[in-house]
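The values are calculated or read from the model by the stated rules, or taken from the named source; none is laboratory data. Remember, it's a predicted structure, so these values are computed and weren't measured experimentally. Here Cβ is always computed from backbone atoms with ideal geometry, including for glycine, and neighbour counts include all displayed protein chains. These area figures cover heavy atoms from the full protein model, side chains too; ligands, DNA and RNA do not enter into them. Shrake-Rupley method; radii C 1.70, N 1.55, O 1.52, S 1.80 Å.
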Amino acid sequence: MPIPATKERPGLKHKPTTLCYHCGSECLTHDITVGDKLFCCDGCRLVYEVINSNGLCNYYEIQQHPGLSQVKPLRSDKYAYLDQEEIASRLFKFTDGNHAIVILHVPGIHCSSCMWLLEHMHRLNPGITESRLNFSAKEITIRFQRSKISLRQVVELMTTLGYEPAISLQDAENIKKEKPSRHRIYKLGVAGFCFGNIMLMSFPEYLSGSNDLGEEYALLFRMLNLFLSIPVFFYCASEFWVNTWVSLRRLILHIDAPIALALLITYGRSLYEIAHGMGNGYLDSMSGIVFFMLAGRVVQERTYRSLSFHRDYKSYFPIAVTIQTSAGTTARSLHDLKKGDRVVLHSNELVPADSIVTEGTAYVDYSFVTGESEPVMVPEGKQVYAGGRHIGKQIAVTVLQPVSGSYLTSLWNHYAFEKNKTDEREQTSFVHLLSKYFTWILFALAGITTIYWWIHNPSVILPAVSAMLIVACPCALLLAATFTNGNLLRIFSNKGLYLRDAAVAEQLSKITHIVFDKTGTLTDGVTVCADHTGEFTDKERQWVYNCVRSSNHPYSRAITEYMEYHPPVQITFWKEIPGQGMEAVIDGQTIRIGSAAFTGLPAADHLPGTVYISIGEKRGSIRCTPRYRKQMPETIATLRGTYQVSLLSGDRAQQQAQFTTIFGNKNLLHFGKSPEQKLAYIESQQQQGAKVLMIGDGLNDAGALQQSDVGITLSDDVNNFTPSCDAILDASKFDRIPAFIKMAQAGQRIIHFAFIISILYNIIGLYIAVQGLMQPMIAAILMPSSTLSIVLISTGMSAWKARRLKL
């Protein structure tokens with residue numbers, strides 16, 4: 001028999017513990033077995049039996065303990081709403097009555113063994129014909145036969161396997177995700193093919209020099225080049241024509257205008273020279289401009305398809321709720337919920353709309369809406385608000401108004417959500433401001449050149465001015481920004497910061513004021529115990545330890561880690577009352593652990609974050625506090641040296657003393673702020689001239705994130721729910737925030753340096769062009785070399801700076 005896996009338990013005393021064969025969790029009992037394999041619960045055992053009975057045990061050879069505690073208790077009627085055709089049909093991407101296709105988001109996917117198991121679901125149930133997993137997006141596409149398996153059974157099978165899908169209200173709207181366009185890729189391919197061949201067939205005439213290439217061969221190569229240039233000019237360059245036309249109609253000089261003009265002049269002069277037998281023109285330069293510009297825009301278009309930067313409450317709310325009627329309980333779509341409906345809420349379910357508690361006592365966690373981490377007790381007859389999570393026993397609430405009229409929804413009616421930050425960034429971008437002046441300066445030089453040659457030699461006007469417009473194209477200027485920002489996006493994403501677009505990097509470099517949310521941002525959601533009161537014997541501590549280790553509450557887990565390891569004891573009675581505490585009987589003694597009132601103390605004595613203990617007449621307490629993010633104090637201290645740093649929290653000021661030490665000034669701490677007050681604070685700072693970076697994590701931060709110049713959402717899982725933002729930061733990379741900002745600033749300096757190099761190339765080209773000496777051979781060398789040098793400088797210097805910053 002193999003030796004069971006063991007691990008050391010933290011604490012002052014240690015004891016080897018047996019690990020579950022499926023998920024790797026500690027086995028509290030050795031009674032759940034299959035052969036010589038031990039399991040922590042019946043759920044893990046069931047998953048193993050399903051896998052084993054279908055001959056899929058290679059699953060465990062791919063990765064040890066692949067379950068990773070994915071399996072959770074499933075309420076039998078949790079997905080009963082999927083039996084309703086009206087609700088299920090909203091999730092189908094396709095159905096013909098029997099065959100159906102559904103795409104589900106599965107946050108629990110984490111490794112290759114997850115993919116292996118989920119893509120073999122057809123062997124677990126013959127009704128599933130195919131399942132394909134998009135690992136980066138954490139989405140699974142399932143094709144199944146409705147005559148053999150229902151959508152509810154598909155979802156319950158996935159949950160049984162430990163991969164419960166996240167089905168939200170947004171899924172019911174069946175909004176098609178905007179797929180990246182392939183047209184630009186096709187255009188790039190066509191432009192690259194034509195550019196390469198035009199350049200190749202131009203070399204014979206370039207290199208023949210004074211030697212005659214032969215009229216028939218020269219004409220053949222020119223005609224072939226002309227034929228290859230047609231798709232480049234009319235198809236590949238179409239977006240430059242469209243953007244220029246639209247901007248001119250709006251009386252705006254777009255960055256594409258000088259590019260379109262350069263293409264038009266280049267193509268027109270080439271046609272003229274070929275028609276009159278003067279040469280092969282500048283078709284290679286024209287196709288090169290299009291190819292390199294499209295290549296830069298493809299790089300700039302690169303984005304993170306698995307991440308969504310535009311999310312609201314619909315991504316978090318359930319698709320349906322349980323309604324009580326005179327005929328019993330039934331499921332109803334959240335869209336159809338109306339005033340007066342009586343909704344049944346189970347533990348850990350969201351309050352779907354502003355309601356009145358009509359049965360039972362609610363214990364509501366509003367951290368998702370307000371940031372306040374302490375649950376609120378709401379008795380019968382009192383109001384609960386949409387977005388709160390009920391953590392107690394089953395209750396019933398009566399809806400006061402539909403979802404669209406709730407307080408939570410009103411957060412999205414603020415004018416801050418009406419503005420388009422992307423368009424604003426483009427209008428104020430350094431690149432676009434420079435390109436506007438570049439265009440007018442170029443036209444001015446062209447005018448001066450025309451006047452000069454009109455006086456001295458009119459025959460030089462056409463070749464000189466057209467050559468100026470061909471050579472002085474802002475392509476290299478744009479590519480400097482495009483490739484530098486594209487490389488920044490790559491560097492940031494590799495280190496856990498995902499920007500919505502390249503313009504965010506420019507805004508990040510201008511930041512002067514950084515605002516942090518507290519709960520979930522500066523703290524990581526894990527509770528730790530700081531100190532305790534009360535004199536208890538070793539045996540009594542053993543009782544407390546065994547009592548709390550049976551609970552999954554965050555405070556219970558914190559106390560378990562805080563106390564020394566104690567051997568198991570026989571528990572005669574144990575009961576947990578959500579929102580109040582737990583009660584147990586051990587050796588005839590009653591132990592109560594929870595709130596002050598629950599343990600027999602006056603309710604007024606209760607301090608937030610404190611767990612009270614009573615054993616008979618003895619009293620004690622343990623203070624629990626949220627755990628700081630990795631190197632959070634050091635990170636704040638680093639930022640304080642350069643930027644104004646402040647705290648903006650919806651939580652109470654119970655940790656004000658600790659955060660005053662970290663931030664250095666009590667006046668920089670703002671507690672108890674509502675979502676509207678957070679947004680107003682950001683707006684007030686901007687009115688004083690500050691460029692504000694807001695870093696938050698919850699829906700209550702959505703307004704502030706949207707109002708700020710740059711809004712970064714911190715997430716422990718970048719594929720999970722995050723509010724609308726400009727960037728998503730992997731929470732484990734919190735300590736890299738100073739380096740990210742420095743890298744963004746360095747990126748702008750690199751762009752400025754590349755601009756200088758590009759301008760030098762333009763000066764050289766213009767010096768030759770204004771004299772009417774620009775030849776196709778010179779243009780063919782000058783334009784690609786300037787482009788390639790800009791690309792190498794921007795990418796090389798940004799990579800070097802990233803290594804210096806250890807990114």
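Structure summary
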| quantity | calculated |
| --- | --- |
| Per-residue HN-Hα couplings for the range 442-449 [Karplus 6.51, -1.76, 1.60; θ = phi - 60°; Hz; x = Gly/Pro] | 5, 5, 5, 5, 5, x, 5, 4 |
| Relative contact order (%) - the range 534-588, alpha-carbon pairs under 8 angstrom, separation at least six | 29 percent |
| Label-point separation, Lys618 to Gln771 (7 Å along Cα→Cβ), nm | 9.9 nm |
| Å² of accessible area per residue within the range 522-678, as computed with a 1.4 Å probe and no ligands counted | 48 Å² |
| R0 of 30 Å, Cβ-Cβ distance Val246-Ala444: FRET efficiency to nearest 0.05 | 0.75 |
| Pairs from Lys495/Lys801; Lys630/Lys673; Lys338/Lys673; Lys93/Lys338; Lys339/Lys678; Lys78/Lys393 whose Cα-Cα separation, in the structure shown, is over 19 Å | Lys630/Lys673; Lys338/Lys673; Lys93/Lys338; Lys339/Lys678 |
| Integer Hz, Karplus 6.51/-1.76/1.60 couplings in order for the range 395-403, x for Gly and Pro | 9, 10, 10, 10, 5, 8, 7, x, 4 |
| Calculated FRET value between Gln686 and Gln654, using beta carbons and R₀ = 25 Å, to 0.05 | 0.25 |
| Theoretical FRET efficiency, 1/(1+(r/R0)^6), r = Cβ-Cβ of Thr398 and Glu564, R0 45 Å, to 0.05 | 0.40 |
| Theoretical gain in end-to-end length, Lys382 to Phe203 [0.36 nm per residue, Cα-Cα removed] | 56.1 nm |
| Label point distance in nm, Glu359-Ser147, each placed 7 Å from Cα along Cα→Cβ | 4.1 nm |
